[in-house]
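Undergrad: Structure below; questions to follow.
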Amino acid sequence: MAVGMKTHLLRTAGLALLLVAALAACSSPVRLATPAEIKQATEPTASPAAGNAAPNPAASPGAGGTATPATGGLAELQAEYHALIAAVLPSIVEIDTSGGLGSGIVIDAQGDIATNAHVVSGETRFTVRSSDGTQYQATLVAAANSNDLAVIKAANPGASLKPATFGDSSKVALGDIVVAVGSPLGLSDSVSEGIVSGTGRTQPEGNGVTLTDLIQTTAAINPGNSGGALVDIAGEVIGMPTLGASSTPRGGAAGGIGFAISSNQVVTITQQLASGGTVTHTGIAFLGISTSDSPKGGAQVGSVVSGGPADKAGIKAGWVITGIGGKTVPDANGVGTALSSFKPGQKVDVKATLPDGSTKTLSVTLGERP
């Protein structure tokens, strides 16, 4: 894509999307692609009688009787989006299970498909549908529940399954224009546009699993998007939509706030699952603590993993972490944001406030997240 076109995309689409990014902050996240919810949401409903069908406003002619075609920069922008979507769709599939559905990303020509572990949870056989409607039978290769990632393999993969191109998620920046591609509520080949509204996020899934280094986006993410792709304007996959945010006590979805597992994590984990069936290294920096928001700012340590990096350095439960590696930690989420900038084995200074009000700085050698 030409530099001028990228600039035009940012000016034309980005400014409007920034309004969406200004939505209120989210509370707890809600898992996507819950099979029961998907099944209920995709139940066929009665169609209105033909005679009562409302006219399609888009089909009505304008005052002049014909629509005026877009020209100039607007036409170029439209053409770029058409080309982007056309290039990406063959790499994204719908995954049907006995209880619901989700999405997946084709990762190689052998039929290996990456998705979320919770999409395929409890099952070993699936039906995969490509963007041209071709169906394939697939089986589970392996899953890494702690990372919410899994790989399934389509039998006799054909040309309709095109391996995706993955980008470097460490280069993702706030304001980047992105497109989410998947099958929300069973609507295959759906796309939604947004921007990157946060990086390095940490979110619990509500099942004992906490995901780190997530990309936050304003692109609409709904049940069924799980396991699909978050794509940049170059057509490269930079994340896998996994969580939506909840804005109500009952778990209603919060508009404009979703989370995707970073592409670097997806590639690292799924390549190991596809080749050996197990994960021996995650490449994710690990401190070995559980935290919660401190009322006075910072991340209060709730527990310390025995023998972990924090434990070896002398960090104790009850301390409040205020800085990691020179980066301010304003709350519990800030721990994951700070750690996302480092690799396992690196040494970082961790600043903390102790229960008696004193402060302490310790050098910690980061471990690798299991």
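Undergrad: Once you have the Cα-Cα distance between residue 275 and residue 296, take 0.36 nm times their residue separation minus that, and quote the gain in nm to one decimal.
TA: Values: separation 21, 0.36 × 21 = 7.56 nm, distance 4.68 nm.
So the extension gain works out to 2.9 nm.
Undergrad: Quick one: which residues, 5 or more positions from residue 195 or on another chain, have an amide H under 5 Å from its amide H? H modelled 1.01 Å from N in the peptide plane, none for Pro or chain starts.
TA: 178, 218, 219
Undergrad: Beta carbons within 10 angstrom, averaged per residue: use that to sort the peptides 78-86, 103-111, highest first.
TA: Working: 78-86: 14.1, 103-111: 22.0.
Ranking the peptides 78-86, 103-111 by packing returns 103-111, 78-86.
Undergrad: Cβ neighbours within 10 Å, averaged per peptide: list 354-362, 316-324, 236-244 in order, most packed at the top.
TA: Numbers: 354-362: 10.2, 316-324: 19.4, 236-244: 28.1.
For the peptides 354-362, 316-324, 236-244, the packing ranking is 236-244, 316-324, 354-362.
Undergrad: Could you tell me the center-to-center distance, by alpha carbons, between the stretch 250-323 and the stretch 117-136 in angstrom?
TA: 29 Å
Undergrad: At residue 173 and residue 83, where each label point lies 7 Å from the Cα along Cα→Cβ, what is the point-to-point distance in nanometres?
TA: Computed distance between label sites residue 173 and residue 83 equals 2.3 nm.
Undergrad: Let me ask something else about it. To the nearest 0.05, what FRET efficiency results for residue 210 and residue 110 with a Förster distance of 25 Å applied to their C-beta separation? Write out the running numbers ahead of the final one.
TA: Values: r = 32 Å, r/R0 = 1.28.
Computed FRET efficiency for residue 210 and residue 110: 0.20.
Undergrad: Taking the Cβ-Cβ separation of residue 347 and residue 124 as r and a Förster radius of 41 Å, what is the calculated FRET efficiency to the nearest 0.05? Walk me through the numbers before you get to the answer.
TA: Details: r = 43 Å, r/R0 = 1.05.
Between residue 347 and residue 124 the formula returns 0.45.
Undergrad: Take each of the peptides 89-97, 148-156, average the number of other beta-carbon atoms within 10 Å over its residues, and list them starting from the highest. Could you put the intermediate results ahead of the total?
TA: Working: 89-97: 23.7, 148-156: 21.8.
Highest-to-lowest ranking by the protection proxy: 89-97, 148-156.
Undergrad: Between residue 71 and residue 363, what FRET efficiency comes out of the Förster formula 1/(1 + (r/R0)^6) with R0 = 45 Å and r the beta carbon distance, rounded to 0.05?
TA: Values: r = 61 Å, r/R0 = 1.36.
Working from the Cβ atoms, E equals 0.15.
Throughout, read-outs are computed from the coordinates displayed, never taken from laboratory work. Please read these numbers as outputs of a predicted model, since none were measured by experiment. Here Cβ is always computed from backbone atoms with ideal geometry, including for glycine, and neighbour counts include all displayed protein chains.
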